[in-house]
Amino acid sequence: MASYNTSEFRSGLKLIIDGDPYTIVENEFVKPGKGQAFNRVRVRNLKTGRTVEKTWKSGDSVEAADVMDREMEFLYHDGEFWHFMATDGSFEQVGATEAAVADCSKWLKGNEICMVTLWNDAPLTITPPNFVELKIVETDPGVKGDTASGGTKPARLETGAVVKVPLYMEQDEILKIDTRTGEYVSRVK
Amino acid sequence: MPNPSWRPSATFHALKARACLNEQIRAFFAERGVLEVETPALSQAGTTDPALASFSVVLPEGRRYLHTSPEYPMKRLLANGSGDIYQLCKVWRDDEYGRRHNPEFTMLEYYRVGFTYQRLMQEVAQLLQLLIPHLQPEPDILTYRESFLHYLAIDPYTASDTALAACAKQQGLEVQSDLSRQAWYDLLFTHCIEPNFAPDRLSFIYHYPAEQAALARVKQEQGYWVAERFEVYCGAMELGNGYQEQQNPVANRHTLIHGNQQRKTAVTVDERFLSALELGKLPFCAGVAIGVDRVLLCRLREKHLQHIISFAWELA
């Protein structure tokens, strides 16, 4: 089984801790002049996204997590799995569970290039593209000429996501959305 | 191929501050009649301290170790009647790298004949007040035991290993390793006590557990064996480590042999150092080793050693 010595610890290294995959956020070396050395490490759980602090005695080995990020295109949802295909020309496909896709599903309609984090070759988390373009399927009628008041109204998109849009936007218009904030960026065309 | 990372990691301001610091250190000792000495950096013997790793080089006639401090040869000089001595030199410690650790660093080590460790603590405070001008005037002084009682409400000498582990957990530490009793002490001290020390002020901690005496004298205090050893901090940063030097040759031999047995890889024991204590006589004295780079870090209020070392480890 592959493992890392604490001397190899650096940001981004992937570890298995208590059965879960983690990534190192920050590693600090702590040692009294006379005495035991420690690695005081901030790690993020790749399943839950929670960041915690752990301490190891320096010189210990920790199991390595076989975690890699891969650029993949979203193909379709079959009711159970969300299917992605590698963009590197290998045509390799993986099926992601509801838990792995999580909130990301509300931005996916098909053909988006996503970052799929694989743990032991199975999708662990999906990161959508930073920007997506989606059509409004339902919203209150647009208020003509109101481009200045700054008011907003909810709009339902073709993927089911609901975002706040300016009052003048109409049904069937296409929006650009920042998936990191979930906010409207601009009208497309 | 040209390498774009040829420039120093420290600013010119930091280089000038270091030159000034070295001048002040030499003037401080010149005023007090303490002799500057040099001893070999590359020795046939290594440190037996289980917590320190020496770099070594292999020559056709055998292995030589880069010193982790000039303690052994400086004590050979003392045993030969040198009187008060100091040394400002580079030392090397393998496997020590981080914001506050550079494997190659500068050490000030000095010995005062006839001094008690209490008197040495006072002199170290004077020296550091001079080198770090913005320090508050009165140092905080606590015993090791008092620091545990005060900050963690636990008595390090009576608490069980389980109680020490429970204390760490209560402090929010998630420890992934099996630790020895001494390692639990070190964990609690570094993670939970040091961060409480007053910023911009010196803190002296003294009377360490006898197991952590190294080459310091030990004595009984309130029913516990403690080392006549102190550590000096600036805020939460350890700057130096001082001893009432153990003169007894038998105790010194025991420390070196016992330490060597605890090491993952044993080193060649310094028999010339031990002979100096057995055949000569180490005078009653107190000594201290101070990390000069960290002093400079405090003086300049910098956070990372690479900003005050001309070419930090990765650029060396």
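The values are calculated or read from the model by the stated rules, or taken from the named source; none is laboratory data. All values derive from a computational prediction rather than experimental measurement. For neighbour counting, all protein chains shown are included, and Cβ atoms are generated from backbone atoms with ideal geometry for every residue, glycine included. The protein model used for the area step is the full one, side chains on, heavy atoms only, and it has no ligands, DNA or RNA in it. Shrake-Rupley method; radii C 1.70, N 1.55, O 1.52, S 1.80 Å.
Overall, the accessible surface of the stretch B:253-294 at a probe of 1.4 angstrom is composed of carbon and sulfur to the extent of 56 percent. Spin-label pair B:HIS134-A:ASN45: with each label point 7 Å from Cα along the Cα-Cβ axis, the two points sit 4.1 nm from one another. Positive end of the dipole of the stretch A:64-189 (Cβ unit charges, origin at the Cα centre): among A:VAL137, A:THR179, A:THR159, the Cα lying farthest that way belongs to A:VAL137. With a cut-off of 12 Å on the backbone N, the residues of the stretch A:160-189 near the modelled label site 7 Å out from A:ASP140 along Cα-Cβ are A:165-169.
List, in the order given, every pair from B:LYS16/B:LYS281; A:LYS31/B:LYS281; A:LYS164/A:LYS189 whose Cα-Cα distance in the structure shown is over 30 Å. It would help to have the intermediate numbers written out before the result.
Details: B:LYS16/B:LYS281 41 Å; A:LYS31/B:LYS281 33 Å; A:LYS164/A:LYS189 19 Å.
Table pairs above 30 Å Cα-Cα are B:LYS16/B:LYS281; A:LYS31/B:LYS281.
Normalised radius of gyration (Cα atoms, divided by 2.2 N^0.38 Å) for the stretch B:75-206: 1.29.
In this simple spin-label model, placing a label point 7 Å from the Cα along the Cα-to-Cβ direction at both A:LYS153 and B:GLU36 gives a separation of 8.2 nm. Under the criterion of Cα pairs below 8 Å and six or more residues apart, the relative contact order for chain A equals 14 percent. When the Cα gyration tensor is reduced to axis lengths a ≥ b ≥ c, the ratio a/c is 1.5 or higher for the stretch A:11-152, and with a/b not above b/c it is classed as oblate.
Here is the list for the stretch B:4-58: trypsin sites (Lys or Arg not before Pro) lying in DSSP coil, each with at most 15 other C-beta atoms within 10 angstrom of its C-beta, are B:ARG32.
With a Förster radius of 35 Å applied to the beta-carbon distance between A:GLU73 and B:ALA153, the computed FRET efficiency rounds to 0.05.
Globularity index of the stretch A:59-102 is 1.54 (Cα radius of gyration / 2.2 N^0.38 Å, N = number of residues). Near B:GLN222, once Lys and Arg are set to +1 and Asp and Glu to -1 for all other residues with Cβ below 15 Å from its Cβ, the sum equals -2.
Of the whole protein surface, B:HIS207 contributes about 10 Å² of accessible area at a 1.4 Å probe radius.
Residues of the stretch A:10-40 whose accessible area (probe 1.4 Å, heavy atoms of protein chains only) drops by at least 20 Å² once all protein chains are present, relative to their chain alone: A:GLU28, A:PHE29, A:VAL30, A:LYS31, A:PRO32, A:GLY33, A:LYS34, A:GLY35, A:GLN36, A:PHE38, A:ARG40. Going by the alpha-carbon gyration tensor, a ≥ b ≥ c the square roots of its eigenvalues, is chain B rounded (a/c under 1.5) or, if a/c is not under 1.5, prolate (a/b greater than b/c) versus oblate? Judged from the Cα gyration tensor, chain B comes out rounded (a/c under 1.5).
Here the stretch A:1-82 is treated as a sphere whose radius is the Kirkwood value from Cα pairs; by Stokes-Einstein at 37 °C and 0.692 mPa s it diffuses with a coefficient of 229 µm²/s. As a length-normalised measure over Cα pairs under 8 Å and 6 or more apart, the relative contact order of chain B settles at 26 percent. FRET efficiency for the pair A:GLU133 and A:GLU53, taken as 1/(1 + (r/R0)^6) with r the Cβ-Cβ distance and R0 = 30 Å, rounds to 0.15. Please report the buried accessible area for the interface of A with B, total over both chains, probe 1.4 Å, in Å² to the nearest 100. Summing both chains' loss of accessible area gives about 2100 Å². Between the residues B:ALA227, B:GLN262, B:LEU120, the greatest Cα displacement towards the positive end of the dipole of the protein assembly as shown, with unit charges on the Cβ of Lys, Arg, Asp and Glu, is found for B:LEU120.
Surface exposure of the protein assembly as shown, expressed per residue as accessible area with a 1.4 Å probe, stands at 49 Å².
Provide the net charge surrounding A:THR6, with neighbours chosen by a C-beta distance below 13 Å and charges set as Lys +1, Arg +1, Asp -1, Glu -1. Residues close to A:THR6 contribute a combined charge of -1. When the square roots of the Cα gyration tensor eigenvalues are ordered a ≥ b ≥ c, the ratio a/c for the stretch B:1-106 is 1.5 or more and a/b does not exceed b/c, which makes its shape oblate. Per atom type, the stretch B:44-134 shows carbon and sulfur on 49% of its accessible surface, probed at 1.4 Å. Close amide H contacts of B:LEU239 (hydrogens built in the peptide plane, cut-off under 5 Å, sequence separation of 5 or more or a different chain): B:VAL232, B:TYR233, B:CYS234.
Legend: residues in the stretch B:73-103 shielded by at least 50 square angstrom of accessible surface upon adding the remaining protein chains to the isolated chain (1.4 Å probe, heavy atoms) are B:HIS101. Applying 1/(1 + (r/R0)^6) with R0 = 22 Å to the Cβ-Cβ distance of B:ARG7 and A:GLU26 gives a FRET efficiency near 0.30. Each Cα pair under 8 Å and six or more residues apart adds its separation to the average, and for the stretch B:168-316 the resulting relative contact order is 17 percent. For the protein assembly as shown, the orientation-averaged shadow of the C-alpha convex hull comes to 33.7 nm² (one quarter of the hull surface). Between B:GLN222 and B:GLN170, the modelled labels are 1.8 nm apart [label points 7 Å from Cα along Cα→Cβ].
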